[in-house]
Amino acid sequence: MVTKWDKKVKKISENVYQVDKEGCMNVPLKIFASEKILEKIKEDDSIQQGINVACMPGICGQSIMMPDAHLGYGFSVGGVAAFDVNEGCISPGGIGFDINCGVRLLTTSMNKEKVEPKIELLIDTLFDNIHCGIGSESSLRLEDDELVDVLDNGLKWALKEGYATKSDVEHCEENGAMSTADASKVSPRAKSRGRKQLGTLGAGNHFLEVQYVEEIYDVEVAKKFGINEPGQIVVMIHSGSRGLGHQVCSDYLRKIEKNFPEIVSKLPEKDLAYAPTDSQIAKDYLGAMSAAANFGWCNRQLITYYARKSFAEVFNDGTNLKTVYDLAHNIAKIEEYDIDGVKKKLYVHRKGATRAFGPGHKEVPKVYREVGQPIFLPGSMGTSSYVLVGTDKAMNDTFSSTPHGAGRLMSRHDANKKFKANAVVKKLAKDNIYVKSASFRGISEEAPGVYKDVDDVVEVSDRVGIGKKVAKLRPMGVIKG
């Protein structure tokens, strides 16, 4: 297919493409993709979104699109950009509505042969204990001061209340508590939306999967992560900050539009609305976003707590679910990078992208520091998921970022027209995958055919060197909203 991007997008090396600076662009746009994936990316307007991001003030290095990139709100999903903390900006659209949507991986001491005969009972039990779906509510009820504690202190709250172990905290990005969090910057409306949702899975592409290790590519690194052999059972949790994070994003987009109309009026699309980093709104948003991120980590921690409870109910003792790592996909962080030979602190925006620190980085847990940070790329129900490890090359090429999953090929509206839930469930059953969902839409909108081939996405990451393959995981059972 001939597209308007064919002449502008130039190949600069294997799996790396570029749109050179032109017009208002302050930096080039760099796209990581195979030829096959690039053709899919060209079909929507996500490349234009990457170019728009390159025009924003204070952007450093390049605007980046990952191989899982697709059209998003303001920034493309799969977009990465870094802005000078003194002369740049912070953009809610560059982080997304589901702040700290992310993934946690748990290892177990069990193998496929032990779990397979009870997979339906296990999935049913997980579904009973972990509430799923749009508007789903937790059995946990938080008082005002408890919710503030969650927002300000993240997993420190969960540890204090007995929902987390010290090991859970140590094996989480930021130890599950961003120091920049400020619950006072989260609106009463956002707090109200989150109050009854802690420990719930939500809807959309969020899921909990019971998986087994199908293949190990790097035995040494896998063992560091607690992945010991093919057939080992693991659990992948994909969820975020629910309604609270969505409301934080909405609140600050409206504030920015109200307080900086001259900025918004000049943008190619208002979804790119940003606050200059020296403004009070930028500082307030950072506090609120960080608080929502803490809520997201606590949410996955509560899901972990209920997952452990469910495994114990089905298999009694000895299941030994351990957190490998927990990482965010939608977040902004203050990180330091070398820009044209000068060390600079930057607001690194990752929207549908995963942090990928390499060996020796101080923010990688000590137990993994020798090899690098664990990375998880989830598939979609019937497809593989992957474990990767961060690299020094990612530090230099992508502000320590790599893809976050397969990336959508079609909208949810189109997915509902093309796929029928019953047919998807039957197809998955033939592949020995048992699915339990709170709604038919949760299945049809997230059918495996809705996404790019996750194998292709991972292959790009591995070959370019921004995330190296460690292990391949296959689903046995899934719960969804």
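Simple spin-label model, 7 Å along Cα-to-Cβ: residue 312 to residue 229 in nm?
2.7
Can you give me the C-alpha center-to-center distance between the stretch 405-481 and the stretch 151-180, rounded to a whole angstrom?
30
Which value, in debye to the nearest 20, gives the size of the charge dipole of the stretch 94-144 about its Cα centre, when Lys and Arg are +1 and Asp and Glu are -1 at the Cβ? Numbers along the way, then the final one.
Values: 5 positive and 9 negative charges, 56 e Å.
Charge dipole of the stretch 94-144: 260 debye, to the nearest 20.
Order these by the 10 Å Cβ neighbour count, fewest first: 337, 368.
Working: 337 17, 368 21.
Least crowded to most crowded, the residues run 337, 368.
Can you give me the relative contact order of the stretch 9-480 as a percent, contacts being Cα pairs under 8 Å and 6 or more apart? Mind dumping the intermediate values first?
Values: 1169 pairs, mean separation 106.2, N = 472.
So the answer I get is 23 percent.
Using only Cα atoms, locate the centre of the stretch 107-130 and the centre of the stretch 294-365, then give the distance between them in Å, rounded to an integer.
So the two Cα centres are separated by 24 Å.
Using the per-residue mean of other Cβ atoms lying within 10 Å as a proxy for protection, in what order, highest first, do the peptides 80-86, 420-426 fall?
Top to bottom by mean Cβ count within 10 Å: 80-86, 420-426.
Which ordering of 354, 323 is given by a fewest-first count of other beta-carbon atoms within 10 Å?
323, 354
Once you have the alpha carbon radius of gyration of the stretch 9-480, what is it after dividing by 2.2 N^0.38 Å, with N set to its residue count? Before the final figure, lay out the partial values.
Values: Rg = 20.7 Å, N = 472, 2.2 N^0.38 = 22.8 Å.
Compactness ratio reported: 0.91.
Taking +1 at the Cβ of each Lys and Arg and -1 at the Cβ of each Asp and Glu, which of 442, 280, 181 sits farthest along the dipole of the stretch 9-480 towards its positive end, judged by Cα position relative to the Cα centre?
It is 442, whose Cα lies furthest towards the positive end.
Nearest 20 debye, what's the magnitude of the dipole of the stretch 148-272 about its Cα centre given +1 on Lys and Arg Cβ and -1 on Asp and Glu Cβ?
Working: 17 positive and 19 negative charges, 199 e Å.
Charge dipole of the stretch 148-272: 960 debye, to the nearest 20.
May I ask you to order 22-28, 475-481, 146-152, 180-186 by the average number of other C-beta atoms within 10 Å around their residues, highest value first? Don't skip to the end; give the middle numbers.
Details: 22-28: 14.4, 475-481: 25.6, 146-152: 21.6, 180-186: 20.0.
Averaged packing, sorted descending, gives the order 475-481, 146-152, 180-186, 22-28.
DSSP loop (so not H, G, I, E, B), at most 15 other Cβ within 10 Å: list which trypsin sites (Lys or Arg not before Pro) in the stretch 53-150 pass both filters. Write down the numbers at each step before the final one.
Values: sites: 104, 112, 114, 118, 141; in loops: 141.
Taking the stretch 53-150 and a limit of 15 other Cβ atoms within 10 Å, the loop trypsin sites (Lys or Arg not before Pro) found are 141.
Taking the Cα centre of the chain as origin, sum charge times position over the Cβ atoms of Lys and Arg (+1) and Asp and Glu (-1), and report the length of that vector in debye to the nearest 20. Intermediate results must be reported in sequence, preceding the final value.
On the way: 65 positive and 64 negative charges, 145 e Å.
Dipole size: approximately 700 debye.
Order by neighbour count: 319, 391, fewest other Cβ atoms within 10 Å first, most last. Could you put the intermediate results ahead of the total?
Working: 319 20, 391 26.
In order of increasing Cβ crowding within 10 Å: 319, 391.
Return one number: the angle in degrees, 0 to 90 and rounded to the nearest 10, between the long axis of the Cα atoms of helix 144-153 and the longest principal axis of the Cα atoms of the chain.
Compared with the principal axis, the helix lies near 70 degrees.
FYI, it's all coordinate maths here, none of it is from the lab. Just so we're clear, the structure is a prediction, and the values are computed from it rather than from any experiment. When we count neighbours, we look across all protein chains shown, and the Cβ atoms used for this are built from the backbone with ideal geometry, even at glycine.
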